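**Q** Here you go, one structure.
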């Protein structure tokens, strides 16, 4: 079949998910040489090989290509607080305080070991995040107390606010939400009137508190609202709100907080796709579902332009895990799907750079609606070159080696 022959000739093999020898990744230097931002996606959060390879790619991009900032699909408050307070923590403890539990695994822990090691050098890998969702962590409370210990009642104020913020997934009245937002606003006013002497630290805390207020007023107000006909309707709106504000937060990190740095973005494919809403014309069954939202990547594609490179990660078969860690089977993907085409190259891990591809016999699938799969199983038709600049496809995958609490 022409598609298979083309993939066999054009796919770049990646030899390992965890080797410290980067010789097989050298082709990425030409692909990414002029990029300021690299998005690393994943079709599921529950894949060992994704987490291990992304950790390896991050180390390569940091060591050999000068990418010094890692922005996770996790809270700005939690990631940055953990980075500043990492001394005395194990890599596992830092990971658990920083990022969502879907990545609490041995594969991710190795990445945090690397972050800790590089923090002692003249070129650290700075950890940050962009999400507005709640995380079950007290780390920001500790960081605020450490930063603003010169303020009266700083410890009591932030402790009370963060305790109330962590309860927002539970049923909360509109009155409670309004009061909590006002109390965060009061604390924000206090630190603006009594700023930290380090302007960069002050800028960060102001942003975190602003985003606590935005999360309450924009996200959790909807989360706690009964005025929806279906759960899918609510979830779709929550995803739109979340990706809108994640895009604004990531744009702030890129343009204002780290304007001179090259940044790696770690997130689900669904959040980084460049033209997600365009694909729903071929996915009528998903219109109005929880998957129907405008992604962070789409919201940023115009402003970032050629400065960014978007990589989607996909799997052809094996086993993965849902966010609750329950395992599920991915049968070999059907003939004609993107996963089937790319994995037919006979490499265990294959990379294809869409940016260097001409439309020719064998590559037509890159430029026309082609089946792919969310989480390995849910059909999502898309034009691959509109969503990504490149893809990595794994022939077979397994669930992460989770670390329990």
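**Q** Can you give me the number of residues within the stretch 18-37 that are in contact with a strand residue (DSSP E or B) (Cβ under 7 Å, 6 or more places away or on another chain) and in a loop (DSSP other than H, G, I, E, B)?
**A** Adding up the residues that qualify gives 2.
**Q** Return yes or no: is residue 151 without any contact (Cβ under 8 Å) to a residue 60 or more places away in the chain, within 29 Å of the chain's Cα centre (by Cα) and on the phi < 0 side of the Ramachandran plot?
**A** Working: without any contact (Cβ under 8 Å) to a residue 60 or more places away in the chain: yes; within 29 Å of the chain's Cα centre (by Cα): no; on the phi < 0 side of the Ramachandran plot: yes.
Answer is no for this residue.
**Q** Quick check on residue 171: is it assigned to a helix (DSSP H, G or I), in contact (Cβ under 8 Å) with a residue 24 or more places away in the chain, more than 22 Å from the chain's Cα centre (by Cα) and closer than 28 Å to residue 104 by Cα?
**A** So residue 171 fails the test.
**Q** Another question, if that's okay. Evaluate the following for residue 365: is it at pLDDT 95 or above, in a helix (DSSP H, G or I), more than 23 Å from the chain's Cα centre (by Cα) and under 26 Å from residue 16 (Cβ atoms)? Before you say what the answer is, go through the steps one by one.
**A** Numbers: at pLDDT 95 or above: yes; in a helix (DSSP H, G or I): yes; more than 23 Å from the chain's Cα centre (by Cα): yes; under 26 Å from residue 16 (Cβ atoms): no.
Here the answer is no, as residue 365 does not meet what is asked.
**Q** Pick from the stretch 201-234 the residues that are over 22 Å from the mean Cα position of the chain (by Cα), under 29 Å from residue 151 (Cα atoms) and without any contact (Cβ under 8 Å) to a residue 40 or more places away in the chain: which of them is surrounded by the fewest Cβ atoms within 10 Å (Cβ to Cβ)?
**A** Residue satisfying both the conditions and the ranking: 206.
**Q** While we're looking at this one, here's another question. Where in the stretch 288-361 are the strands (runs of 3 or more DSSP E), entirely inside, with at least 1 residues that are free of Cβ contacts under 8 Å to residues at least 40 places away in the same chain and either touching a strand residue (DSSP E or B) at 6+ places or on another chain (Cβ under 8 Å) or at positive phi (or both)?
**A** On the way: elements: 308-315, 318-321, 327-330, 349-353.
Here the list reads 327-330.
**Q** Which of the residues spanning the stretch 384-398 are part of a loop (DSSP other than H, G, I, E, B) and touching a strand residue (DSSP E or B) at 6+ places or on another chain (Cβ under 7 Å)? Break it down stepwise before answering.
**A** Taking the stretch 384-398 first, the residues part of a loop (DSSP other than H, G, I, E, B) are 388-389, 395-396, 398.
Within the stretch 384-398, 388, 389, 396, 398 qualify.
**Q** Further, regarding this structure: Would you pick out the residues in the stretch 230-261 that are under 16 Å from residue 300 (Cα atoms) and outside any helix (DSSP H, G or I)?
**A** 259
**Q** Any idea which residue in the stretch 273-282 is farthest from the chain's Cα centre (by Cα), counting only those that are assigned to a loop (DSSP other than H, G, I, E, B) and crowded, with 19+ Cβ neighbours inside 10 Å?
**A** At the first step, the residues of the stretch 273-282 found to be assigned to a loop (DSSP other than H, G, I, E, B) are 273-275.
Remaining after also requiring crowded, with 19+ Cβ neighbours inside 10 Å: 273-274.
On the way: 273: 11, 274: 14 Å.
For the stretch 273-282, the residue satisfying everything is 274.
**Q** Name the residues in the stretch 59-88 that are under 30 Å from residue 31 (Cβ atoms) and surrounded by fewer than 20 Cβ atoms within 10 Å (Cβ to Cβ), would you? Show your work before the answer.
**A** Applying the first criterion (under 30 Å from residue 31 (Cβ atoms)) to the stretch 59-88 yields 59-74, 76, 79-80, 83.
Answer for the stretch 59-88, where residues must be under 30 Å from residue 31 (Cβ atoms) and surrounded by fewer than 20 Cβ atoms within 10 Å (Cβ to Cβ): 60, 63, 64, 65, 66, 68.
**Q** Is the stretch 4-26 home to any residue that is under 24 Å from residue 117 (Cβ atoms), surrounded by 21 or more Cβ atoms within 10 Å (Cβ to Cβ) and within 21 Å of the chain's Cα centre (by Cα)? Step through it out loud before you land on a result.
**A** Residues of the stretch 4-26 that are under 24 Å from residue 117 (Cβ atoms), as a first pass: 14-26.
Among the residues that remain, those that are also surrounded by 21 or more Cβ atoms within 10 Å (Cβ to Cβ) are: 14, 25.
Narrowing further to those that are within 21 Å of the chain's Cα centre (by Cα): none.
Taking every residue of the stretch 4-26 in turn, none turns out to be under 24 Å from residue 117 (Cβ atoms), surrounded by 21 or more Cβ atoms within 10 Å (Cβ to Cβ) and within 21 Å of the chain's Cα centre (by Cα).
**Q** Oh, and also: Hey, any hits in the stretch 245-254 for a residue that's closer than 25 Å to residue 161 by Cα, surrounded by fewer than 18 Cβ atoms within 10 Å (Cβ to Cβ) and modelled with pLDDT of 95 or more?
**A** The answer is yes, given that some residue of the stretch 245-254 is closer than 25 Å to residue 161 by Cα, surrounded by fewer than 18 Cβ atoms within 10 Å (Cβ to Cβ) and modelled with pLDDT of 95 or more.
**Q** Would you be able to tell me the number of residues in the stretch 175-195 that are touching a residue at least 40 places away in the same chain (Cβ under 8 Å) and within 30 Å of the chain's Cα centre (by Cα)? Steps first, please.
**A** Initial filter on the stretch 175-195 (touching a residue at least 40 places away in the same chain (Cβ under 8 Å)): 177, 191, 194.
Subsequent filtering for residues that are within 30 Å of the chain's Cα centre (by Cα) retains 177, 191.
So the count comes out to 2.
The values are calculated or read from the model by the stated rules, or taken from the named source; none is laboratory data. As the structure is a prediction and not an experimental result, all values here were calculated from the model. Because the Cβ atoms are built from the backbone with ideal geometry, glycine has one as well, and the counts that use them run over all protein chains shown.
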